[in-house]
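Participant: My questions will all concern the structure given below.
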Amino acid sequence: MPLTDTAIRNAKPGAKPTGEATRNPYRLTDAGGMYLEVYPNGSKYWRLKYRYAGKEKRLALGVYPEVTLKEARNRRDAARKLLADGIDPGQAKQADKRARKLSAANSFESVAREWYGKQVHTWVKTHAADVLRRLEANAFPAIGHRPIKEVEPPELLMMARKIESRGAHDLAHRVLQVCGQVFRYGVATGRCTRDPTPDLRGALTPHVKKNQAAVKPEELPDLMRAINTYDQTGDKQTMLALKILALTFVRTNELIGAEWVEFDLDKALWAIPAGRMKMKNEHVVPLSQQAVAILRELQPMAGGSRFVFPGRNRDKPISNNTLLFALYRLGYKGKMTGHGFRAVASTALNEMGFRADVIERQLAHCERNEVRGAYNRAAYLEERRGMMQHWGNYLDAVATGAKILPFQRVA
């Protein structure tokens, strides 16, 4: 007699429907080989008994009450249809389980995290954090669970437009760019066959890349004179940090994280370790006489901190915004940033006639040819020494009010 919901609910552990006590599981049979197995602890499991290739087998259909009587019968019928087609439902279930497991291992999130793990050691910490945040906050909630090979352009577009709806048009492009790198890694490792992100070209709101604000070379003398007065309204350490930034035109993060161990003031060299560089290569900065003098002035101000520019907590450097806000206080909000010193130095030094390769090496821009890059790091050092001293002389002269043409060399 087929089972009923009432009979199932009334089935008690340790007591068969006949009233006979038992310490073992007992069965309540339905039809078509299906039965409910009632365990002494009260658990109730749906099973299907069937024969395949002459052997009696069992197939788990689920746990009651999560799987209702109706659903259990649907699963039984599906299994019996497989049997009618000559397929072992137990083997089919295992194959499906393996496929789901493989699909989870090849989800977009899984492949993305694997790709990230391969790349992260080549990035500086800030960039690595940005990439992971873009994935976790934007891509994973939308497509992270999907098998990477099944993600289609419309899904990516929906994800990107959700980002755009927040007004973050630049971020939408950046997230798609990261996704494209993940897809290309998926292609290379055999998890998908193509990168669908190029299909979205033209589908997003265009964004205009904004260069960070920088004064023109002819405006640099006024800026340097303004920096010379900063300690009248701000602290002297920040004023000296701005001067070092102007003299070395390194990236702001590279400056504020500087540690005394990186400097050889007697040899006038600053060796920034690879771990702090954007391109993950050690960068040697020749120091002008002006830069060395300022660094010697900073040493007692550091109060024994390992950092050249310690913050209130001497175990940590000043924040990223310290120099930017100092420029704001000098009246350069929207006109100049810490990164702007790189732009103005590049323009001025090119106009002064220094070789482009030497300037690019000093800016620590990416060298595509590794052999050539290694050669340039050594071969250009003496040229860079001369260039950096010329630059220090120029800044010194204009800061004291000397009337010098914007691109004139200073001995």
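The values are calculated or read from the model by the stated rules, or taken from the named source; none is laboratory data. Since the model is a prediction, treat every value here as computed from it, not as a measurement. Note that we place each Cβ from the backbone using ideal geometry, even for glycine, and neighbour counts take in every protein chain shown.
For every residue, the table says whether it meets (1) assigned by TED's automatic domain parsing to the domain that holds Ile143; (2) polar (S, T, N, Q); (3) farther than 30 Å from Val175 by Cβ.
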| site | (1), (2), (3) |
| --- | --- |
| Lys12 | no, no, yes |
| Gly19 | no, no, yes |
| Gly42 | no, no, yes |
| Leu48 | no, no, yes |
| Ala84 | no, no, yes |
| Gln91 | no, yes, yes |
| Trp115 | yes, no, no |
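Participant: Follow-up question, since we're still on this one. Pairs please, first residue from region 288-310 and within 21 Å of Asp396 (Cα to Cα), second anywhere and among the small types (Gly, Ala, Ser) and surrounded by 14 or more Cβ atoms within 10 Å (Cβ to Cβ), Cβ atoms under 7 Å, 6+ apart in sequence or on different chains.
Facilitator: From residues that are within 21 Å of Asp396 (Cα to Cα), the pairs are Ser288/Gly392; Gln289/Gly392; Gln290/Gly392; Ala291/Gly392; Val292/Ala268.
Participant: Can I ask one more? Cβ-Cβ distance below 7 Å, separation of 6 or more or different chains: which pairs start in region 63-82 with a residue that is without any contact (Cβ under 8 Å) to a residue 24 or more places away in the chain and end on one that is surrounded by 13 or more Cβ atoms within 10 Å (Cβ to Cβ) and part of a helix (DSSP H, G or I)?
Facilitator: Leu82/Pro89; Leu82/Ala92
Participant: Now for a separate question. Please go through region 210-250 and give me each residue that is without any contact (Cβ under 8 Å) to a residue 12 or more places away in the chain and over 15 Å from Leu327 (Cα atoms), ordered by number.
Facilitator: Lys210
Participant: Just a yes or no: is a residue in region 164-185 in contact with an Asp or Glu (Cβ under 8 Å, 6 or more places away or on another chain) and in contact (Cβ under 8 Å) with a residue 60 or more places away in the chain?
Facilitator: Looking for residues that are in contact with an Asp or Glu (Cβ under 8 Å, 6 or more places away or on another chain) and in contact (Cβ under 8 Å) with a residue 60 or more places away in the chain, one finds at least one in region 164-185, hence yes.
Participant: Hey, another quick one. Give all pairs with beta carbons closer than 8 Å in which a residue from region 7-33 that is closer than 24 Å to Arg75 by Cβ meets a residue that is assigned to a strand (DSSP E or B) and aromatic (Phe, Trp, Tyr); count only pairs at least 6 apart in sequence or on separate chains.
Facilitator: As it stands, the answer is Ile8/Tyr64; Arg27/Tyr35; Leu28/Tyr35; Thr29/Tyr35; Gly33/Tyr50, since those pairs meet every condition given.
Participant: Give the residue, chosen from Arg201, Arg184, that is of a type in the set (Lys, Arg) and exposed (fewer than 15 other Cβ atoms within 10 Å of the Cβ).
Facilitator: After applying the criteria, what remains is Arg201.
Participant: In this structure, is Asn253 assigned by TED's automatic domain parsing to the domain that holds Thr337, assigned to a loop (DSSP other than H, G, I, E, B), among the polar types (S, T, N, Q) and in contact (Cβ under 8 Å) with a residue 40 or more places away in the chain?
Facilitator: The answer is no for Asn253.
Participant: Another question, then. Answer with yes or no whether Met277 is closer than 26 Å to Ile359 by Cα and within 24 Å of the chain's Cα centre (by Cα). Walk me through how you get there before you give the answer.
Facilitator: Working: closer than 26 Å to Ile359 by Cα: yes; within 24 Å of the chain's Cα centre (by Cα): yes.
Judged against the criteria, Met277 is a match.
Participant: Specify which of the listed residues (Ala326, Ala271, Ala241) is in a helix (DSSP H, G or I) and closer than 30 Å to Tyr380 by Cα.
Facilitator: Exactly one residue qualifies, and that residue is Ala241.
Participant: Please name all residue pairs, on different chains or six or more residues apart, with Cβ atoms under 6 Å, provided the first residue is in region 348-360 and is on the phi < 0 side of the Ramachandran plot and the second residue is charged (D, E, K, R) and assigned to a loop (DSSP other than H, G, I, E, B).
Facilitator: Met352/Arg409
Participant: Can you pull out every residue in region 291-322 that is in contact with a helix residue (DSSP H, G or I) (Cβ under 8 Å, 6 or more places away or on another chain), assigned to a helix (DSSP H, G or I), of a type in the set (S, T, N, Q) and surrounded by fewer than 19 Cβ atoms within 10 Å (Cβ to Cβ)?
Facilitator: Gln299 - this is the single residue of region 291-322 that is in contact with a helix residue (DSSP H, G or I) (Cβ under 8 Å, 6 or more places away or on another chain), assigned to a helix (DSSP H, G or I), of a type in the set (S, T, N, Q) and surrounded by fewer than 19 Cβ atoms within 10 Å (Cβ to Cβ).
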